[in-house]
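The values are calculated or read from the model by the stated rules, or taken from the named source; none is laboratory data. What you see is a predicted model, and the numbers here were worked out from it, not measured in a lab. FYI the Cβ positions are ideal-geometry reconstructions off the backbone, even for glycines, and counts take in every protein chain you see.
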Amino acid sequence: MAAIECSGLTKRFGDVLAVDDLDLTVEEGEIYGFLGPNGAGKSTTIDILLDFVRPTAGEVTVLGHDAQDDGELVRQKIGVLPDAYHVYDRLTGRQHVEFACEMKGSNQDPIELLERTGVAEAADRKAGGFSKGMRQRLVLAMALVGEPELLILDEPSTGLDPNGAREMREIITAENERGATVFFSSHIMEQVEAVCDRVGIINQGSLVAENSIDGLRNATETGETLYVTLDRVDDAVRQEIATLDGVADVAIEDGRIRLAVGERSKFRVLESIDDGVAPIQDFEVVESSLEDLFVRYTTEAQEVNA
Amino acid sequence: MSALSIAKKDFRDAIQSRALWALVVTFALLSMITTYGYAEAPELFGSQQEATFGGLVFFTLGFTALFVPLAAIIVGYKAIAGERELGSIKLLLSQPTTRRDVFVGKVLGRAGVLATGLAIGLVVGLIFGAVIIGGLNLYALLAFVALTLLFVAVYSAVMVSISATTGSTTRATTLAIGFFVLFELIWDVVPLAIVYVVQGFKFTTDYPDWAYIVTNVSPGTAYSTGLFALLPDVADSLEGNSGEVSETDAFYQTPELGLVMLVLWVVVPLLIGYYQFNSADL
């Protein structure tokens, strides 16, 4: 049984097609990163999983239950950190978590959960005075109530400082080790890289890529960038290297030659340089950034659609 | 039933409204001042007889008929629209619950807040009155309290239902105030206008029996009519009030119609509000 299964999911708001015939499967036990630029349809998809929004067409099951017909049962088994939520300004941190415990029928200690997410010291203050990061920690504590089988986190790092984002990743990993499936959305690739087993990239309401991080990297032809230190570096050398097979974008950067390797093995390219151009003193391989991959997937898809 | 948990949380939240407590204090002070006036000089308030506790109850109804709708607007208009506008409804609906339970919980929570605020104002006013008048009509008190609770239920249902139809507090405010103005302030002219039209655009002094039903569509009027049904003896003893029910024979032309109207005002808005809320994209 899949943790999340969407088939032919479509949502139209008036003239706007927010989700377009989306098929998505999240397996039990994995950490799945749901990536896409702002407005790609991430939040709408999650809103449908949670039954905040009703689909125009298609089927959605969460943990084997229909998201629309059995919403209460679904939400009993999952923990949610929604997007664009607002806390109850006049209730304290502890009252928020107590409420979640009461709704889920859990007898967990609210303070323990708040300690885990790092806001226990503010437990008896009204949430209206919380910073954005504290609110995020508070709502995460609510999501963890009742040891959910599935965590759905919409942009979990929003408002968190780097330390907070790291703690968030640690909690995600710990929950996954406990046995929970984690589904989270982000528009920042790097956050996904650190924890996800699989990544799906959504753009204009459709999944444009789905793979492991390595798989995504291999599937694109962006390849790798080489930095090579030679005996001498000048424009003549640069032009010579540019004529070699499988080499592109040759440039001089900080006294080194920078080049992109395309369809040829980088070892063959290095050999060619060492033998034919100048002896290599040192070299460095830099993988293309995930940001590049992300931009490539989302903009190319747009070009195709346009 | 998660509706009770939601009602409890909602009560904790909404009871902290400063505007509500400002209104409760105003209500308590005004009711004490005018109760004092009524007890000392009933003739100033249109009564030819000595002040009685029963009379005081009818007198107080004039206040509550205004206070309950106003307090309900303050307490209720944001109940659901506000949560939708801000996004806190997402925290609520992320929990294992249904929109039905959220809706019911909201109505119960806000009714509880309204009843609490009102009870404090009323207890202060009526105890003060009972002390000054030097007597207490227990039956009149209980009947009045029960009827007023029904009136509170009406306005909680109406305002939370209005709030459930929209995700904009601006729109909810407009609808809530619009409801109050139409049904409480200008409703008196509606039966007149209907009769005028039905009579072929002519004024008449001969009112058809059904105009009585139209008049009692106003929840405030139905509330007042309902008190006549519950306390006929007190009503008869009060001059100027006894002529309220004229000598006609239509079966519905009884004070009990007020009670029926109040019950309808609880049920119908709830059905509309729930239907709208349940089918909305939040």
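What the table shows:
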{"quantity": "Unique match (being crowded, with 16+ Cβ neighbours inside 10 Å, at pLDDT below 85, under 29 Å from the mean Cα position of the chain (by Cα) and of a type in the set (Lys, Arg)) among A:ARG217, A:ARG198", "calculated": "A:ARG217"}
{"quantity": "Unique match (being over 22 Å from B:GLU85 (Cβ atoms) and at pLDDT below 85) among B:GLY112, B:GLY117, B:GLY135", "calculated": "B:GLY135"}
{"quantity": "Residue satisfying all of: in the stretch A:105-119; closer than 15 Å to A:GLN136 by Cα and assigned to a loop (DSSP other than H, G, I, E, B); nearest to the other protein chains (Cβ to nearest Cβ) among these", "calculated": "A:VAL119"}
{"quantity": "Unmet requirement for A:GLU147, which otherwise passes all of (1) more than 23 Å from the chain's Cα centre (by Cα); (2) part of a loop (DSSP other than H, G, I, E, B); (3) not polar (S, T, N, Q)", "calculated": "(1)"}
{"quantity": "Meets criteria (under 18 Å from the mean Cα position of the chain (by Cα), polar (S, T, N, Q) and more than 14 Å from every other protein chain (Cβ to nearest Cβ)) for B:THR35", "calculated": "no"}
{"quantity": "Positions within the stretch B:65-92 being over 17 Å from B:ILE162 (Cα atoms), surrounded by 21 or more Cβ atoms within 10 Å (Cβ to Cβ) and at pLDDT 90 or above, in sequence order", "calculated": "B:LYS90, B:LEU91, B:LEU92"}
{"quantity": "Residue list for the stretch A:128-166, filter: out of contact with any strand residue (DSSP E or B) (no Cβ under 9 Å at 6 or more places or on another chain) and among the hydrophobic types (A, V, I, L, M, F, W, C)", "calculated": "A:PHE130, A:MET134, A:LEU138, A:ALA141, A:LEU160, A:ALA165"}
{"quantity": "Strands (runs of 3 or more DSSP E) lying entirely in the stretch A:1-104 (those with 2 or more residues that are small (Gly, Ala, Ser), without any contact (Cβ under 8 Å) to a residue 60 or more places away in the chain and surrounded by fewer than 18 Cβ atoms within 10 Å (Cβ to Cβ))", "calculated": "A:4-13, A:57-62"}
{"quantity": "B:LEU23 hydrophobic (A, V, I, L, M, F, W, C), within 11 Å of chain A (Cβ to nearest Cβ) and buried (at least 16 other Cβ atoms within 10 Å of the Cβ)", "calculated": "no"}
{"quantity": "Residue list for the stretch B:201-225, filter: in contact (Cβ under 8 Å) with a residue 12 or more places away in the chain and of a type in the set (Ser, Thr, Tyr)", "calculated": "B:TYR207, B:TYR212, B:THR215, B:SER218, B:THR221, B:TYR223, B:SER224, B:THR225"}
{"quantity": "Tabulated pairs, the stretch B:73-95, first more than 7 Å from chain A (Cβ to nearest Cβ), second surrounded by 24 or more Cβ atoms within 10 Å (Cβ to Cβ) and acidic (Asp, Glu), C-beta under 7 angstrom, 6+ apart or interchain", "calculated": "B:ILE89/B:GLU83; B:LEU92/B:GLU83"}
{"quantity": "Hits in the stretch A:78-98 - residues which are at the interface with chain B (Cβ under 7 Å from one of its Cβ atoms) and within 29 Å of the chain's Cα centre (by Cα)", "calculated": "A:VAL80, A:PRO82, A:ALA84, A:TYR85, A:HIS86, A:VAL87, A:TYR88"}
{"quantity": "Residues being among the aliphatic types (A, V, I, L, M) and within 15 Å of A:PHE184 (Cα to Cα) - total across the stretch A:11-58", "calculated": "9"}
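Residue-by-condition table, conditions (1) closer than 20 Å to A:GLY93 by Cβ; (2) part of a strand (DSSP E or B):
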site	(1), (2)
A:ARG137	yes, no
A:LEU140	yes, no
A:PRO156	yes, no
A:GLY159	yes, no
A:GLY164	yes, no
A:GLU167	yes, no
A:THR173	no, no
A:SER185	no, yes
